[in-house]
Every structure is written in structure tokens, then in C-alpha cells.
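See below for the structure under consideration.
The values are calculated or read from the model by the stated rules, or taken from the named source; none is laboratory data. Note that this is a predicted model, so its numbers are computed, not measured. Neighbour counts run over all protein chains shown; Cβ positions are idealised from the backbone, glycine included. The accessibility values were calculated without ligands, DNA or RNA, using every heavy atom of the protein model including side chains. Shrake-Rupley method; radii C 1.70, N 1.55, O 1.52, S 1.80 Å.
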Amino acid sequence: MTTPRKGETQEEFRARQRARYAAADPEYRERRLARQRERRRQRYGSDPVYREQLLERQRKLYATDPEYRQKVVERERKRYARKRERQREI
């Protein structure tokens, strides 16, 4: 299904592809994306060159993009709150 049908225009082909994949099971899509993230984490977690490039990109984005910075701050705030909750339980 990677090529258009005979006599099908590019727009029709793209619309058919979108309709096909939009109807896919959202839980399946989430599981697939989670598997991809996990594979990337395992593949690149131990590669020092890639790790350094990734950190450099993130630092640059953090310095220049206020929206990205806000997302990072929110994520860290939630993480810190969870840690604090765990400490209180102990």
C-alpha cells in the first residue's frame, strides 16, 4: 500500500492513507510508540557521542524556545512532587 492505485491522484492516495491509518486502534498506536521510545532509549543510552549531541541539542532548544522550556519545567515540577511524596511516605 505504499504506491498509488492506477489512475489515482496524489491527493486521493494521501487521503486514502490518512483514512486508513486514522482508523487504526489508538491503544495499538500508543503501544507501538512506547516500543519505539524504549528501543531508542536502549540504543542511544550507551552511545557517548550520540548522548553528547542530544544533550547539546536539548540545551540549545532550552535556551532559545520558551515553549519547550515551559514543558521541561512542568515535567520536572511533577517529577519533583512525586519524589517529595515518596519521601513523605517513608
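Between helix 26-45 and the chain there is an angle of about 60 degrees, using the helix long axis and the longest principal axis of the Cα atoms. Accessible surface area normalised per residue over segment 1-48 is 92 Å², counting heavy atoms of protein chains with a 1.4 Å rolling probe. The Rg/Rh ratio of segment 27-78, with both radii computed over alpha carbons and Rh defined as the Kirkwood radius, is 1.07. The lysines within cross-link reach of LYS71, meaning a Cα-to-Cα straight distance under 17 Å and a gap of 8 or more places when in the same chain, are LYS60. Checking every one of the trypsin sites (Lys or Arg not before Pro) in the chain against DSSP loop status and a limit of 15 other Cβ atoms within 10 Å picks out ARG5, LYS6. Relative to the longest principal axis of the Cα atoms of the chain, helix 66-89 runs at roughly 50 degrees. Shown here is the pair-distance distribution of the chain: with all Cα-Cα distances grouped in 10 Å bins from zero up to the longest one, the shares run 13, 19, 29, 26, 10, 3, 1 percent.
With a 1.4 Å probe and every protein chain kept in, tell me what percent of the accessible surface of the chain is carbon plus sulfur.
Using a 1.4 Å probe with all protein chains present, the chain comes out at 52 percent carbon and sulfur.
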